[in-house]
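Supplied in structure tokens, the structure appears directly below.
Throughout, read-outs are computed from the coordinates displayed, never taken from laboratory work. Note that the coordinates shown come from a computational prediction; the quantities given were computed from them, not determined experimentally. Please note: Cβ atoms are built from the backbone with ideal geometry, for glycine as well, and neighbour counts cover all protein chains shown.
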Amino acid sequence: MGIFDFYKVIKLKNKKITKRISNLLNIYKKLPETTGCVDNINKCNGCRGWCCRIQSPQLLYSEFLNIWNFILKTFEIDDIIDILEKSLLNYIEGDMNKGCIFLNTDNSFCRIYKYRPFNCRTYGIVPQEDFERNKKKVEKRLKGILGVSIKDQCNLVKTENGEILTSEKIDEIWKELVNVEENIGIEPYLINDNIGGSYRTPHDHILLYVMPEKMQELLVELRKNNKNLAEQKLYIKKYIKNIRDKIYE
């Protein structure tokens, strides 16, 4: 991989797509503002970002493009490579409790907080009955997989003005997000969290968007055939070092 076959692949050159995903922030504004997350993270009895350390949100492809566009405009090259490395490691590791690649583990803050997806914005304020229903759905799908832990909603997060986020409001905003997804060319039958769907974790989106097809195939084989996690991680480290060396040679 040269100095960003990365950059060939990941720059958002399509102006129509860029314009369509720019509407996402306006859609997010329809959600109630929250408090209690950032202000509690590093307090003595704070959460230290536990939700982001052991869980990875799912987001639509359009939401991912919106975040990636922000990253390309504002992050240093080393930080982008760091995110790529975390994405590769998340894919390789068998444990289903994978932390979010956008978490700054040094200070527990989200590195893309302003551009965080719908899933993160509603965490902690989703109606409890909706949360429990979705939780059971995920647990059923992941039944029997070692290392799975579905956490309850954060009890630190509240809406700023006491507004209650209703199921109807969630459905209304979700439909708007789906409309953005369709407008960038995603077929309606693919807008779900099934295999091949466009509702994925950030690290899956990045690997599918950035990695050449041959590397994707190699990663699948590596995880499937090599049971030694230490060797798999070493391979990833060497691959990332190769990218850095080529960039700075």
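Spin-label point model (7 Å from Cα, Cβ direction): what's the residue 174 to residue 130 distance in nm?
Using points 7 Å along Cα→Cβ, the separation is 0.7 nm.
Between residue 192 and residue 241, what is the label-to-label distance in nm when each label sits 7 Å out along the Cα-to-Cβ direction?
Each label point lies 7 Å from its Cα, and together they span 4.4 nm.
Arrange 133, 223, 111 by Cβ neighbour counts within 10 Å, fewest through most, would you?
Working: 133 12, 223 15, 111 20.
Least crowded to most crowded, the residues run 133, 223, 111.
State, in angstrom, two size descriptors of the range 12-210 derived from its alpha carbons: Rg to one decimal place and Dmax to the nearest whole number.
So, for the range 12-210, Rg and Dmax equal 16.5, 47 Å respectively.
Return a whole-number percent for the relative contact order of the range 12-210, with Cα pairs under 8 Å and 6 or more residues apart as the contact set.
Numbers: 217 pairs, mean separation 72.1, N = 199.
Worked out over the range 12-210, it gives 36 percent.
Reachable aspartates and glutamates from residue 151, Cα under 20 Å, same-chain residues fewer than 8 places away excluded?
Cα-Cα hits under 20 Å: 93, 95, 129, 130, 132, 139, 193.
Further question on the same structure: Roughly speaking, what is the centre-to-centre gap between the range 160-195 and the range 65-80 when only Cα atoms are used, to the nearest Å?
For the range 160-195 versus the range 65-80, the Cα centre distance is 24 Å.
Taking the beta-carbon count within 10 Å as an exposure proxy, list 89, 208 from fewest neighbours to most. Intermediate values should be presented prior to the final figure.
On the way: 89 18, 208 15.
So the ranking, lowest neighbour count to highest, is 208, 89.
What number comes out for the charge environment of residue 125, summing +1 per Lys or Arg and -1 per Asp or Glu over other residues with Cβ under 11 Å away? Intermediate values should be presented prior to the final figure.
Numbers: positive: 121, 158, 169; negative: 33, 130, 160, 163.
Here the charged neighbours net out to -1.
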